[in-house]
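One structure below.
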Amino acid sequence: MGPQVHFSSTYSEEFSCPARVKPARPRPSSAYRRNNPHPRPDNFFFVLRKYSDTNRIRSAWDKQMDIMPSLKPFKHQVTHHHRPRSKSTSDYRSGTLDLDSCSKEGVVLRCSRSFAGKVNFFIMTVKPKETVVCYRVRWEELESDRPVEHAMSYNESHWYGGAETAVQHWPIAISGQQAPKPFVTSDVYSNRHDFGGILERYWLSSNATAIKINDSVPFHLGWNDTEKTMYFQARYQDSPYKPAPGRPPYAELSYRVCVGPDVTSIHKVMVRRYFPKPNKVPAKEMFRHPIWSTWALHKTDINQEKLLTYAENIRRNGFNCSHLELDDRYTSQYGEFEFDTQKFPNASAMFQKLKADGFLVSLWTHPFVNYDSANFGPCVQKGLFVMEPTGQLPALVKWWNGIGGILDFTNSEARNWFMSQLRSLRHKYGVSSFKLDAGETNYLPWQFRTKVHLPDPSTFTRRYTEMAIPFNERAELRSGYGSQNISCFFRPIDRDSVWGYELGLKSLIPTVLTISILGYQFILPDMIGGNAYPNRTDGNGKLPDRELYIRWLELSAFMPSMQFSIPPWEYDDEVVAIAQRFTELHETLVAPRVIELAGEVLDTGDPIIRPIWWIATSDETAYRVDSQFLIGDDLMVAPVLEPGKQERDIYLPAGRWKSYKGERYDNKEPIHLTDYPVDLDEIAYFEWVQ
């Protein structure tokens with residue numbers, strides 16, 4: 001076998017590192033590099049593989065990818081022969097390690113050289129609990145401008161997590177080829193091929209394997225669907241990541257790979273150990289009663305009369321209201337915090353009237369100050385904006401409502417100024433809270449300077465989300481990065497009023513499940529029926545298609561919170577009656593469960609909205625179900641998401657279930673209900689019975 005490096009793990013299973021010790025290998029030929037399109041300094045592999053006798057493999061390992069160390073200077077596929085469901089490989093691509101530089105220290109293997117130069121490499125075994133083993137991996141290049149890249153072959157396993165995307169699938173559906181690009185937050189409504197506004201460096205596999213990339217990594221993600229491979233890359237060149245001041249631009253790729261007995265168990269371990277948790281539950285009324293937004297109905301053509309009429313119609317049609325959300329545009333210029341007196345001639349009287357009628361009001365806000373705003377000059381003088389690289393001038397940015405500066409939320413003076421504006425609105429008018437829009441890094445310039453250095457540009461998203469903390473009982477955010485503890489509702493990016501997976505109705509469940517797996521449990525699934533944007537609406541051009549609206553409404557009734565904008569009375573009395581019935585069902589059936597689960601989130605971080613595989617980890621079919629979900633473990637929901645359909649196929653996990661029609665099922669194995677009838681005014685759901 002050649003020279004070996006032996007070491008033992010903390011639970012006394014021996015592992016070996018067979019390797020061939022040979023002279024430094026020459027760089028790959030130009031023809032080889034042309035056939036391997038992902039740029040890297042040395043296109044070789046090292047592989048992590050677990051070795052053990054068959055009779056010593058524990059049940060906790062039976063379904064895992066093979067990832068304990070076997071460092072070889074060539075590509076090698078690692079197959080777990082004991083896994084019944086599918087072949088699984090785990091390849092990690094980087095420079096070839098020189099094993100003469102390696103040494104073993106307990107459960108840690110360290111190496112100081114690759115054949116490309118000096119490195120700082122280690123792999124360490126950690127056992128956080130009896131049935132879980134984690135491997136800490138770190139490869140740091142000790143020369144500038146040399147990236148590190150590891151490749152993970154996913155083959156037939158199913159992967160979840162990462163980021164919200166414009167075309168959202170569950171599990172992740174990778175198509176085409178993408179060279180590694182910065183894994184940072186972006187507005188995917190405007191940039192549909194980017195990663196989304198809610199993003200974490202965390203992935204979970206049906207093989208009960210979880211990967212968490214360290215915060216310090218200048219992380220880029222790429223993929224190749226033909227090779228069934230994802231590329232984890234660390235680099236500073238041609239990248240928005242910047243090394244800390246005074247540190248050389250040495251790329252470091254470090255992460256944890258953890259394996260456990262099943263996917264649900266390993267996810268629980270990861271969330272408890274590595275994710276921040278919310279410290280309070282938002283206002284219970286937000287779980288019980290719908291939010292009513294002015295946006296999809298009126299867009300920027302909102303005024304005092306229209307808002308009061310909207311509120312009056314909510315009461316006239318017999319609906320409850322958590323709060324009214326006054327969206328864009330109630331100010332005369334973007335970046336100002338006073339009401340436009342032409343559109344709102346008596347804002348104080350308007351707020352008093354709404355309060356007397358039992359309405360709370362939240363306001364839309366954002367991090368931009370346009371150049372034509374009265375606040376732009378003072379903000380420049382005070383140095384409150386993100387600056388261009390020299391730090392001499394504010395960096396002008398373009399966003400969907402114009403051009404201006406973006407407040408620097410690493411700057412305490414900018415934070416205090418922004419917070420004082422919001423508190424002034426609350427004090428003057430009794431505003432209940434705020435919808436904080438934007439916050440993604442794509443609204444930062446490619447090159448910029450902030451008061452506090454940002455090695456990772458997505459930290460800007462985190463700093464912005466912190467502005468919601470004083471208002472978090474009813475606040476709403478649409479971006480998040482390490483923001484799980486902000487303790488407010490997070491909203492996926494705007495949905496189009498269409499049926500499909502690209503920001504349409506079918507994308508809603510995959511998006512909510514993805515955000516939940518990333519640790520965000522208080523989810524507001526955007527407006528019922530979508531935003532009714534021109535040329536992106538199925539229907540008559542003004543209103544979303546009636547059937548689409550009803551199916552969207554039914555699905556939203558089983559989400560943690562509901563939000564209307566286009567009201568049901570814009571259609572007909574039947575739609576109003578359906579909306580009344582489902583808002584009542586949400587209040588009586590869904591909200592009590594969700595509120596109870598929300599309290600548990602503070603301790604566990606477990607999802608409120610859960611994938612079907614959460615209770616069916618041994619069934620391959622469950623890993624592909626993207627149109628059903630669980631609320632907790634005992635309420636399963638199966639909405640109709642296809643136009644013209646009044647039936648659907650339903651996957652029913654093993655157990656004792658009672659349908660909304662009163663049917664009872666006591667199945668020892670999962671069953672499929674084919675063409676199960678679901679009328680237009682129904683949604684299929686099943687409750688677990690003892």
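The values are calculated or read from the model by the stated rules, or taken from the named source; none is laboratory data. Since the structure is predicted, the reported quantities are computational estimates derived from the model, not experimental observations. Ideal geometry is used to build each Cβ from the backbone, glycine not excepted, and the neighbour counts take in all protein chains shown. Side chains are part of the model used for accessible areas, which takes the heavy atoms of the whole protein and leaves out ligands, DNA and RNA. Shrake-Rupley method; radii C 1.70, N 1.55, O 1.52, S 1.80 Å.
Scanning segment 134-156 for residues that are over 16 Å from Tyr202 (Cα atoms) and either assigned by the TED database to the domain that holds Tyr481 or out of contact with any Asp or Glu (no Cβ under 9 Å at 6 or more places or on another chain) (or both) yields Leu142, Glu143, Ser144, Asp145, Glu149, Asn155, Glu156.
Across segment 471-507, which residue is surrounded by the most Cβ atoms within 10 Å (Cβ to Cβ) among those that are outside any helix (DSSP H, G or I) and either of a type in the set (S, T, N, Q) or without any contact (Cβ under 8 Å) to a residue 24 or more places away in the chain (or both)?
This residue is Ser479.
Just one of the listed residues (Val575, Val590) is within 22 Å of Asp634 (Cβ to Cβ), surrounded by 18 or more Cβ atoms within 10 Å (Cβ to Cβ) and touching a Phe, Trp or Tyr at 6+ places or on another chain (Cβ under 9 Å), and it is Val590. For Met270, the stated conditions do not hold, so it cannot be described as among the hydrophobic types (A, V, I, L, M, F, W, C), crowded, with 20+ Cβ neighbours inside 10 Å and either part of a loop (DSSP other than H, G, I, E, B) or modelled with pLDDT under 95 (or both).
Among the residues making up segment 203-236, those that are open to solvent by 10 Å² or more (accessible area, probe 1.4 Å), over 25 Å from Arg273 (Cα atoms) and modelled with pLDDT of 95 or more are Trp223, Arg235, Tyr236. With respect to the conditions (1) more than 26 Å from Pro171 (Cβ to Cβ); (2) open to solvent by 10 Å² or more (accessible area, probe 1.4 Å); (3) in contact (Cβ under 8 Å) with a residue 40 or more places away in the chain; (4) part of a helix (DSSP H, G or I), Leu585 falls short on a single one, namely (3). Scoring Ala173 on the criteria (1) touching a residue at least 24 places away in the same chain (Cβ under 8 Å); (2) open to solvent by 10 Å² or more (accessible area, probe 1.4 Å) leaves a single failure, condition (1).
Leu396: among the aliphatic types (A, V, I, L, M) and assigned by the TED database to the domain that holds Glu473, yes or no? The answer is no for Leu396.
If you take the residues of segment 544-561 that are among the aliphatic types (A, V, I, L, M) and touching a strand residue (DSSP E or B) at 6+ places or on another chain (Cβ under 7 Å), which of them is nearest to Val637 (Cα to Cα)?
Met559
Quick check on segment 311-323. Is at least one of its residues within 12 Å of Ile566 (Cα to Cα), hydroxyl-bearing (Ser, Thr, Tyr) and crowded, with 20+ Cβ neighbours inside 10 Å? For segment 311-323, residues within 12 Å of Ile566 (Cα to Cα), hydroxyl-bearing (Ser, Thr, Tyr) and crowded, with 20+ Cβ neighbours inside 10 Å: absent. When Trp446 is tested against (1) in a loop (DSSP other than H, G, I, E, B); (2) buried (at least 24 other Cβ atoms within 10 Å of the Cβ), just one condition goes unmet, and that condition is (2). Over 30 Å from Phe460 (Cα atoms), of a type in the set (Phe, Trp, Tyr), out of contact with any Ser or Thr (no Cβ under 6 Å at 6 or more places or on another chain) and open to solvent by 10 Å² or more (accessible area, probe 1.4 Å): does that describe Phe115? No. Filtered by the rule that a residue be modelled with pLDDT of 90 or more and open to solvent by 10 Å² or more (accessible area, probe 1.4 Å), segment 144-156 gives Arg146, Pro147. Residues that are open to solvent by 10 Å² or more (accessible area, probe 1.4 Å) and outside any loop (DSSP other than H, G, I, E, B) within segment 181-202 comprise Lys181, Pro182, Glu200, listed in sequence order. Across segment 631-690, the qualifying residues are those that are within 29 Å of the chain's Cα centre (by Cα) and among the hydroxyl-bearing types (Ser, Thr, Tyr), and the one among them that is farthest from Gly529 (Cα to Cα) is Tyr651.
Scanning segment 418-443 for residues that are open to solvent by 10 Å² or more (accessible area, probe 1.4 Å) and assigned to a helix (DSSP H, G or I) yields Met419, Ser420, Gln421, Arg423, Ser424, Arg426, His427, Lys428, Tyr429, Thr441, Asn442, Tyr443. I need the full set of residues from segment 657-690 which are assigned to a loop (DSSP other than H, G, I, E, B) and out of contact with any helix residue (DSSP H, G or I) (no Cβ under 7 Å at 6 or more places or on another chain), in order please. Selection gives Tyr660, Lys661, Gly662, Glu663, Lys668, Glu669, Val678, Asp679, Glu682, Val689, Gln690. Taking the condition open to solvent by 60 Å² or more (accessible area, probe 1.4 Å), touching a residue at least 40 places away in the same chain (Cβ under 8 Å) and within 28 Å of the chain's Cα centre (by Cα), does Ser627 pass? No; evaluated as a whole, the condition is false for this residue. A single member of Pro248, Pro276 is surrounded by fewer than 17 Cβ atoms within 10 Å (Cβ to Cβ) and at pLDDT below 95, and it is Pro248.
Is it the case that Pro510 is more than 18 Å from Ser186 (Cα to Cα), open to solvent by less than 30 Å² (accessible area, probe 1.4 Å) and assigned to a helix (DSSP H, G or I)? Spelling it out, Pro510 is indeed more than 18 Å from Ser186 (Cα to Cα), open to solvent by less than 30 Å² (accessible area, probe 1.4 Å) and assigned to a helix (DSSP H, G or I).
For segment 503-520, filtered to residues that are over 16 Å from the mean Cα position of the chain (by Cα) and not hydrophobic (A, V, I, L, M, F, W, C), the residue that is farthest from Gly539 (Cα to Cα) is Lys506.
Rundown of residues vs (1) of a type in the set (Ser, Thr, Tyr); (2) touching a helix residue (DSSP H, G or I) at 6+ places or on another chain (Cβ under 9 Å); (3) surrounded by fewer than 23 Cβ atoms within 10 Å (Cβ to Cβ), yes/no style:
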site	(1), (2), (3)
Leu518	no, yes, no
Gly530	no, yes, no
Gly539	no, yes, yes
Trp552	no, yes, no
Arg581	no, no, yes
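Applying a threshold of 6 Å to beta carbon distances and a minimum spacing of six or more residues, or different chains, the list of pairs starting in segment 215-232 at a residue that is free of Cβ contacts under 8 Å to residues at least 60 places away in the same chain and assigned by the TED database to the domain that holds His150 and ending at one that is surrounded by fewer than 19 Cβ atoms within 10 Å (Cβ to Cβ) and part of a loop (DSSP other than H, G, I, E, B) reads Trp223/Ile174; Asp225/Ile174; Asp225/Ser175; Asp225/Gly176.
Scanning segment 604-625 for residues that are touching a helix residue (DSSP H, G or I) at 6+ places or on another chain (Cβ under 8 Å) and in a strand (DSSP E or B) turns up at least one hit.
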